[in-house]
1. Just a yes or no: is a residue in region 302-324 assigned to a helix (DSSP H, G or I), of a type in the set (A, V, I, L, M) and buried (at least 24 other Cβ atoms within 10 Å of the Cβ)?
2. From the list 28, 13, 87, pick out the single residue that is over 22 Å from residue 191 (Cα atoms) and more than 16 Å from ligand 2 (Cβ to nearest atom).
3. Do we have any residue at all in region 71-89 that's more than 25 Å from residue 141 (Cα to Cα) and not in a helix (DSSP H, G or I)?
4. Just to be sure I understand the filter: pairs with C-beta atoms under 7 Å, separated by 6 or more residues or on different chains, first member in region 136-148 and among the polar types (S, T, N, Q), second member surrounded by 24 or more Cβ atoms within 10 Å (Cβ to Cβ). Which pairs pass?
5. Scan 53, 83 and give me the residue that is touching a residue at least 60 places away in the same chain (Cβ under 8 Å), surrounded by 14 or more Cβ atoms within 10 Å (Cβ to Cβ) and out of contact with any Phe, Trp or Tyr (no Cβ under 8 Å at 6 or more places or on another chain).
6. Is there a residue in region 90-109 that is surrounded by 17 or more Cβ atoms within 10 Å (Cβ to Cβ) and under 18 Å from the mean Cα position of the chain (by Cα)?
7. Of the residues 64, 97, 57, which single one is part of a helix (DSSP H, G or I), more than 11 Å from ligand 1 (Cβ to nearest atom) and within 25 Å of residue 227 (Cα to Cα)?
8. Specify the residue that is farthest from residue 139 (Cα to Cα); the eligible residues are those in region 156-181 that are more than 15 Å from ligand 2 (Cβ to nearest atom) and outside any helix (DSSP H, G or I).
Amino acid sequence: MTPGHTTRLPLSADQLDTPSARSALHQAAEILRSGGTVAFPTETVYGLGANALQADAVAGIFAAKQRPSWDPLIVHIADMAMLATVASHLPQPSQSAEQALQRLMDAFWPGPLTLLLPKSAAIPDSVTAGRPLVAVRMPAHPIARALLVAAGLPIAAPSANRFGHTSPTTAQHVLDDLDGRIDLLLDGGPAWQGVESTVVEVQPHSLVVYRPGAIAIEDLERVAGPVTLYRPSPDHSSQGPSGHPLSTPPESLPSPGVGIRHYAPNARLVLVDVQSQPLPEAHRLWLAKVGEHAANAARLGVMLPAGWPLPTAFSGLRYEWGPWGNDRELAARLFAGLRHLEDHGADCIVCPLPSATGLGLAMEDRLLKAARAE
Ligand code: TXA
Ligand code: MG
């Protein structure tokens, strides 16, 4: 990492053959090959990349993000040849699991699906936080793909935010968190989907989803059979032999990201549970909650679905979120909205909770984690 300076290079996903785009990709690839850090757009959110095969390079990611060493990283690959470098063998717990894995790769790669696979010896232990499985995904975004090809390396890349903060969906979000802490930023405009990949482990009798994401559980089920959504108990504690709760630190969860406050804006986040409510009732609950917090917050911000009411004389900040029920649009604008309200000084944000189906499940997951107490 070159302390104090981050170079920002613009390029466009549909014009990667221009001299300036080629030069940007070449510079980024050189930095990755020499052990530096490069932020780049993916179809989900911006990632912060480093050479996944080099422990010192990967250490730069943890340092820049201030990410604890127990939280492992996703390795991004360009193609199936790269998969053979990062995964030692495809798991064969049973023929049906093997078939499910193959069907998932065929259906969703390239795309926002992350699979947990046995790691190869080439992947440093720091990438997986000492675990035997490595998280792998083949991104679909043309800039991410071009960067992987130009570097000729698998790229370890978590979301390009400070640890625990709201994920970045634009280049400016990346700079807001990491300017001067990373070497290069490829600015390819807003990420498309706005929520991260779905993290899945194929087990003998079901697919276990550790993080719901941009590929809906319903679609996984359609392609590869039954899905179990892993849920730690609310305070990620479990009952000990004496019946007392045992606190489970996140590092001992099967996927550490499931158990922590995360995605959080620098403001208190209040969720309004309007799930499965008809609209008039949803509006009533919403107005009551906004009214209650308008009285308490110094500067209230609201994530406002199109056409939803606000109390008369509402003087807080509003982010026009999008049409309620259009989960594609709401997901694409979720993190941007939280960051917008935070940047404009909200100390409290009120947000309605989308229903937990399709992409709504990923939004619910992010919002519940962001609203957790420290
Ligand atoms: O869409 C995405 O997945 C984005 C883009 C940049 O690709 N990346 C991303 O990475 O969201 P990150 O680091 O912010 O989230 C990775 C999640 C974490 O919850 C982590 O705990 C889990 O995946 N994870 C990573 N490696 C794992 C492993 N070996 N075993 C279990 N969980 C793992
Ligand atoms: Mg993240």
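1. Checked region 302-324: no residue is assigned to a helix (DSSP H, G or I), of a type in the set (A, V, I, L, M) and buried (at least 24 other Cβ atoms within 10 Å of the Cβ).
2. The match here is 87.
3. Checked region 71-89: at least one residue is more than 25 Å from residue 141 (Cα to Cα) and not in a helix (DSSP H, G or I).
4. Filtered contacts from region 136-148: no entries.
5. Just one listed residue meets the conditions, 53.
6. There is at least one residue in region 90-109 that is surrounded by 17 or more Cβ atoms within 10 Å (Cβ to Cβ) and under 18 Å from the mean Cα position of the chain (by Cα).
7. Residue meeting the stated conditions: 97.
8. The qualifying residue farthest from residue 139 (Cα to Cα) is 180.
The values are calculated or read from the model by the stated rules, or taken from the named source; none is laboratory data. The model shown is predicted, which means the values in this text are computed figures rather than measured ones. Methodologically, a virtual Cβ is constructed for each residue, glycine included, from the backbone with ideal geometry; neighbour enumeration extends over all protein chains shown.
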